[in-house]
1. Out of region 81-96, which residues are surrounded by 15 or more Cβ atoms within 10 Å (Cβ to Cβ) and either within 22 Å of the chain's Cα centre (by Cα) or not in a strand (DSSP E or B) (or both)?
2. Within the group A245, A236, A205, A223, which residue is of a type in the set (A, V, I, L, M) and either without any contact (Cβ under 8 Å) to a residue 12 or more places away in the chain or within 29 Å of G74 (Cβ to Cβ) (or both)?
3. For region 151-169, how many residues are more than 19 Å from the chain's Cα centre (by Cα), in contact (Cβ under 8 Å) with a residue 60 or more places away in the chain and not in a loop (DSSP other than H, G, I, E, B)?
4. Could you check region 171-262 for strands (runs of 3 or more DSSP E) lying wholly inside it with 2 or more residues that are within 22 Å of L71 (Cα to Cα)?
5. Take the residues in region 180-210 that are among the β-branched types (V, I, T) and open to solvent by 20 Å² or more (accessible area, probe 1.4 Å); name whichever of them is nearest to the chain's Cα centre (by Cα).
6. Could you pull out the residue among G114, G132 that is farther than 14 Å from V93 by Cα, modelled with pLDDT under 95 and open to solvent by less than 50 Å² (accessible area, probe 1.4 Å)?
7. Kindly check whether there is at least one residue in region 85-104 that is β-branched (V, I, T) and touching a Lys or Arg at 6+ places or on another chain (Cβ under 7 Å).
8. How many residues are touching a helix residue (DSSP H, G or I) at 6+ places or on another chain (Cβ under 6 Å), polar (S, T, N, Q) and in a strand (DSSP E or B) when one looks only at region 119-141?
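The values are calculated or read from the model by the stated rules, or taken from the named source; none is laboratory data. Keep in mind it's a predicted model, so treat the numbers as computed, not measured. For neighbour counting, all protein chains shown are included, and Cβ atoms are generated from backbone atoms with ideal geometry for every residue, glycine included. Side chains are part of the model used for accessible areas, which takes the heavy atoms of the whole protein and leaves out ligands, DNA and RNA. Shrake-Rupley method; radii C 1.70, N 1.55, O 1.52, S 1.80 Å.
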Amino acid sequence: MAANNRRMSGKKGAQVGSGGQRRRGLEGKGPTPPAEMRKGHKKNRIANARTKQTVRRPAPRGRGGKGTSELVVGRNPVVEALREGVPASTLYVQQFIDNDERVREALQLAAERGGINLMEAPRPELDRMTNGLNHQGLVLQVPPYEYAHPEDLAEAAYDEGVDPLIVALDGVTDPRNLGAVVRSVSAFGGHGVVVPERRAAGMTAGAWKTSAGTAARTPVARATNLTRALEAYKKAGIVVVGLAADGEHEVGDLEALSGPVVIVVGSEGKGLSRLVGETCDFRVRIAMPGGAESLNAGVAAGIVLYEAARQRA
């Protein structure tokens, strides 16, 4: 009986083990990867298909890119910017601000336009945002401007079935001049303005205000290299006409303005740069009986654009 009890006891002899395989099998294998990375999953197949399409598809043409955001500071500048339709993303209003007519008008204009966030902020925060400028409790944030590509301007004209009429600015650094040129281009049926990426005026709030709202419908393109952009226009059959005080032709005598043309305007002080001047097919001058040495870019562009529109009429 004792022997039988020993056979039924819970004690057992040594047994062959798993060598730790079972324990390792129970260990975790890390976090579950997202569905897009799990082989065989529907989202993984979709992601792979999209990747293949992207590889096959030619790379899109680089656009002109975006500018930088900007702050309009002060009660009068903010109200004027909102009146002129300057694009805005956020209107910051100081807490416990004196609610005068300009503040009320700014709030009303922002509400009427829609799409503008209204943010209340303490004075120290506005001081920090504006680097200590006299913001008077109102700060308007202008989003980065989305520039077109120079080729987009010509393509838009051809899509309309008309010859391109484009203005390019060489060395113009005053945003107000850029805004004035945009306004003239819009007035005389032009298709846009080209500016260099560096050392040139961009579409700031000041340019928007000077354009009197026309910047909303007249594109501005940005070129990495203005000379190369002009050469590309020439290869596309567009005549490049530069304005110069010592130009060989009078504006009124140049019949090339009646066809596809890019009008290049230089800075008031230096005029056209050497490389840009050498790239032009024609250099024209504006007769000034009054004896003025030069015109600013906005006025000069307006005169030539008027002559181009007259010849096209």
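1. To start, the set of residues in region 81-96 that are surrounded by 15 or more Cβ atoms within 10 Å (Cβ to Cβ) comprises 81-82, 84-88, 90-94.
Once the filter is applied, which keeps residues that are surrounded by 15 or more Cβ atoms within 10 Å (Cβ to Cβ) and either within 22 Å of the chain's Cα centre (by Cα) or not in a strand (DSSP E or B) (or both), region 81-96 yields A81, L82, E84, G85, V86, P87, A88, T90, L91.
2. Criteria check complete, one pass: A205.
3. Taking region 151-169 first, the residues more than 19 Å from the chain's Cα centre (by Cα) are 157-165.
Still in the list and also in contact (Cβ under 8 Å) with a residue 60 or more places away in the chain: 157, 163-165.
Right, trim to not in a loop (DSSP other than H, G, I, E, B) and you get 157, 165.
Number of matching residues: 2.
4. Numbers: elements: 192-196, 220-223, 239-243.
Ranges flagged: 220-223.
5. Applying the first criterion (among the β-branched types (V, I, T)) to region 180-210 yields 181-182, 185, 193-195, 204, 210.
So of that shortlist, the ones also open to solvent by 20 Å² or more (accessible area, probe 1.4 Å) come out as 204, 210.
Details: T204: 11, T210: 18 Å.
In this case the residue turns out to be T204.
6. On the way: G132 fails: open to solvent by less than 50 Å² (accessible area, probe 1.4 Å).
One residue alone meets the criteria, G114.
7. First, pick out the residues of region 85-104 that are β-branched (V, I, T): 86, 90, 93, 97, 103.
Now drop any that are not touching a Lys or Arg at 6+ places or on another chain (Cβ under 7 Å), which leaves 86, 103.
Yes; the residues of region 85-104 include at least one that is β-branched (V, I, T) and touching a Lys or Arg at 6+ places or on another chain (Cβ under 7 Å).
8. Taking region 119-141 first, the residues touching a helix residue (DSSP H, G or I) at 6+ places or on another chain (Cβ under 6 Å) are 135-136, 138-140.
Still in the running and polar (S, T, N, Q): 136.
So of that shortlist, the ones also in a strand (DSSP E or B) come out as none.
Result for region 119-141: 0.
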